[in-house]
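Taking it in order: structure first as structure tokens, then the write-up.
The values are calculated or read from the model by the stated rules, or taken from the named source; none is laboratory data. Because the structure is a prediction, the values reported are computed rather than measured. Cβ placement follows ideal geometry from the backbone for every residue including glycine, while neighbour counts extend to all protein chains displayed. For accessibility, only protein heavy atoms count, side chains too; no ligands or nucleic acids. Shrake-Rupley method; radii C 1.70, N 1.55, O 1.52, S 1.80 Å.
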Amino acid sequence: FRRVLFRSAVCTALQLVNFWQDLERDLVKGRIYVPRESWGGAAEADLLRGAFTPEWRAALETCAVRTRALFAEGRPVADGVSGRLRWELRATWLGGMRVLDRLHAQRFDVFGRRPALGFRDVPAILWDMVTWA
């Protein structure tokens, strides 16, 4: 049962990271996945006109804190299995966290650039997989 909870936390965290990194793309489709209770003083009209305001930055920071907590909660799932699956889960977890770190580094403004993983991330992820503690 605990393994299911850990897996659920990781899957949810990964989906949330996808929502945060695709804020602009989803907006074009008429969707905003940021929970309203996180908006604070943020206004939908600002996003619609392409303005990433301090209020939206704060809203996404709140979402990122919750997402990091889910990643932390789900981290043991990669230790609860063996073989190839253990390595795949570590890589998935590390990749999701890396995208979340990038979002934080660019202060959550995805209107200028969508954070994504690429070939340059492979060595760091491999290293973190091997030194996983």
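Per-structure values
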| item | result |
| --- | --- |
| Within region 74-107, tally of residues that are within 18 Å of the chain's Cα centre (by Cα) and under 19 Å from residue 12 (Cα atoms) | 22 |
| Yes/no for residue 102 being out of contact with any helix residue (DSSP H, G or I) (no Cβ under 6 Å at 6 or more places or on another chain) and crowded, with 16+ Cβ neighbours inside 10 Å | yes |
| First in region 65-94 and in contact (Cβ under 8 Å) with a residue 12 or more places away in the chain and farther than 17 Å from residue 127 by Cα, second anywhere and open to solvent by less than 70 Å² (accessible area, probe 1.4 Å) and among the hydroxyl-bearing types (Ser, Thr, Tyr), Cβ under 6 Å, 6 or more apart | 70/12 |
| Output for region 66-98, where each listed residue is within 14 Å of residue 17 (Cβ to Cβ) and aliphatic (A, V, I, L, M) | 69, 70, 72, 94, 97 |
| Residue ID - farthest from the chain's Cα centre (by Cα), chosen from residues in region 49-73 that are in a helix (DSSP H, G or I) and among the basic types (Lys, Arg) | 57 |
| Any hit, region 61-71, residues being farther than 27 Å from residue 89 by Cα and open to solvent by less than 70 Å² (accessible area, probe 1.4 Å) | no |
| Odd one out for residue 30 among (1) surrounded by 11 or more Cβ atoms within 10 Å (Cβ to Cβ); (2) farther than 22 Å from residue 80 by Cβ | (1) |
| Exclusive hit being basic (Lys, Arg) and surrounded by 15 or more Cβ atoms within 10 Å (Cβ to Cβ), set 7, 25 | 7 |
| Residue identified as crowded, with 16+ Cβ neighbours inside 10 Å and farther than 22 Å from residue 117 by Cβ among 91, 42 | 42 |
| Contacts under 8 angstrom Cβ, first residue in region 37-61 being closer than 22 Å to residue 101 by Cβ, partner of a type in the set (Asp, Glu) and open to solvent by 40 Å² or more (accessible area, probe 1.4 Å), 6 or more apart | 52/109; 57/109 |
